[in-house]
1. Starting from the stretch 38-56, keep only residues that are free of Cβ contacts under 8 Å to residues at least 12 places away in the same chain, then list their pairs with residues that are open to solvent by less than 30 Å² (accessible area, probe 1.4 Å) whose Cβ atoms are within a distance under 7 Å, requiring at least 6 positions of separation or different chains.
2. Limited to the stretch 204-223, what total is found for residues that are within 12 Å of the ligand (Cβ to nearest atom), among the hydrophobic types (A, V, I, L, M, F, W, C) and open to solvent by 80 Å² or more (accessible area, probe 1.4 Å)?
3. Could you list, ordered by first residue, the pairs with Cβ atoms under 6 Å in which the first is in the stretch 197-223 and at pLDDT below 95 and of a type in the set (Ser, Thr, Tyr) and the second is within 11 Å of the ligand (Cβ to nearest atom) and part of a strand (DSSP E or B), at least 6 apart or interchain?
4. May I ask you to list the residues in the stretch 125-172 that are open to solvent by less than 30 Å² (accessible area, probe 1.4 Å), farther than 21 Å from residue 69 by Cα and assigned to a strand (DSSP E or B)?
5. Any idea which of (1) open to solvent by less than 40 Å² (accessible area, probe 1.4 Å); (2) within 16 Å of the ligand (Cβ to nearest atom); (3) in contact (Cβ under 8 Å) with a residue 24 or more places away in the chain is the one residue 183 doesn't satisfy?
6. Restricting the stretch 187-203 to residues that are in contact with a helix residue (DSSP H, G or I) (Cβ under 9 Å, 6 or more places away or on another chain) and over 22 Å from residue 68 (Cα atoms), which is nearest to the ligand (Cβ to nearest atom)?
7. Do the conditions hold for residue 67, that is, is it under 22 Å from residue 206 (Cα atoms), hydroxyl-bearing (Ser, Thr, Tyr), assigned to a helix (DSSP H, G or I) and within 12 Å of the chain's Cα centre (by Cα)?
Amino acid sequence: MERSAQARGDRTVRARRRMVERIAKGGVRCERVLRALDTVPRHLLLPEALDHRAYEISSLPIGEGQTISSPDIVAAMTEALQLMGDETVLEIGTGSAYQAAVLSKLAARVVSIERVPLLATRARSALDKLGVSNVVVHLGDGTRGRPADGPYDAIIVTAGGHEVPQPLIDQLAPGGRLVGPFGSRDTQQLVRITRGEQGALKREELGVCLFVPLVGEHGWDAK
Ligand code: SAH
């Protein structure tokens with residue numbers, strides 16, 4: 001490797017490590033999650049003009065009016081899913097594919113749905129370039145879920161809805177966890193729904209957050 005490229009690579013690795021340290025200090029304890037964040041090159045999932053900001057604790061624009069979620073939120077939501085490694089995970093809102101790439105390190109299979117065609121296309125080629133082979137990106141309205149590949153051990157919704165879409169609850173396997181932001185368009189609660197082995201549902205609120213809107217049949221109207 002040319003020397004300046006080598007130096008740039010080292011800087012990237014250091015910046016990413018600092019990002020992970022800050023996220024750990026912020027309260028994310030799960031070593032598996034922190035390790036996954038340390039291995040996903042977030043700078044390769046951003047528009048080039050922003051790649052120098054890739055390891056800031058911040059959401060950033062990715063085009064089409066959408067954002068890549070802040071890495072601390074990605075970490076907290078991923079931790080809340082309590083993945084062991086053998087799960088099938090459904091993600092609603094592929095966006096940049098950063099969250100999907102993190103999940104790919106922690107679960108067996110990820111099914112991700114994006115409603116904006118250009119973002120779905122870009123996400124597929126970005127995941128290809130990273131060599132991620134256990135994520136499939138589908139174009140469509142994720143508020144309906146994807147029964148054909150379910151039920152799911154874990155479901156993550158990465159856009160803010162008014163309520164947890166019923167089809168997603170219905171596609172949650174016994175013992176499964178669903179995590180996502182629900183509330184108004186301006187502010188949401190991060191909610192975790194757990195389905196007990198006998199089918200009973202438990203709902204927890206994990207904190208306040210702000211996401212781009214979940215738009216679809218069981219979400220907000222497009223505007
Ligand atoms: N997980 C993404 C977050 C992107 S922002 C990341 O790591 O970058 C949320 C994404 O959800 C946007 O790309 C938006 O287009 C998408 N979205 C909103 N409503 C949706 C729906 N009903 N189905 C699928 N995707 C949706």
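The values are calculated or read from the model by the stated rules, or taken from the named source; none is laboratory data. Note that the structure is predicted; figures quoted are calculated from it, not measured. Here Cβ is always computed from backbone atoms with ideal geometry, including for glycine, and neighbour counts include all displayed protein chains. We work out accessible area using only protein heavy atoms, side chains counted, and drop any ligands, DNA or RNA first. Shrake-Rupley method; radii C 1.70, N 1.55, O 1.52, S 1.80 Å.
1. Close Cβ pairs (under 7 Å, with a partner that is open to solvent by less than 30 Å² (accessible area, probe 1.4 Å)) amount to 50/60; 53/60.
2. 1
3. So the pair list comes out empty.
4. Across the stretch 125-172, the qualifying residues are 152, 172.
5. So the condition that residue 183 fails would be (3).
6. Applying the first criterion (in contact with a helix residue (DSSP H, G or I) (Cβ under 9 Å, 6 or more places away or on another chain)) to the stretch 187-203 yields 190, 192-193, 195, 201.
The next check asks that each one be over 22 Å from residue 68 (Cα atoms); those that pass are 193, 195, 201.
Details: 193: 18, 195: 21, 201: 22 Å.
Among those that are in contact with a helix residue (DSSP H, G or I) (Cβ under 9 Å, 6 or more places away or on another chain) and over 22 Å from residue 68 (Cα atoms), it is 193.
7. On the way: under 22 Å from residue 206 (Cα atoms): yes; hydroxyl-bearing (Ser, Thr, Tyr): yes; assigned to a helix (DSSP H, G or I): no; within 12 Å of the chain's Cα centre (by Cα): yes.
The answer is no for residue 67.
Rundown of residues vs (1) out of contact with any strand residue (DSSP E or B) (no Cβ under 8 Å at 6 or more places or on another chain); (2) part of a loop (DSSP other than H, G, I, E, B); (3) among the aromatic types (Phe, Trp, Tyr), yes/no style:
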| site | (1), (2), (3) |
| --- | --- |
| 49 | yes, no, no |
| 52 | yes, no, no |
| 57 | yes, yes, no |
| 62 | no, no, no |
| 74 | yes, no, no |
| 78 | no, no, no |
| 84 | yes, yes, no |
| 90 | no, no, no |
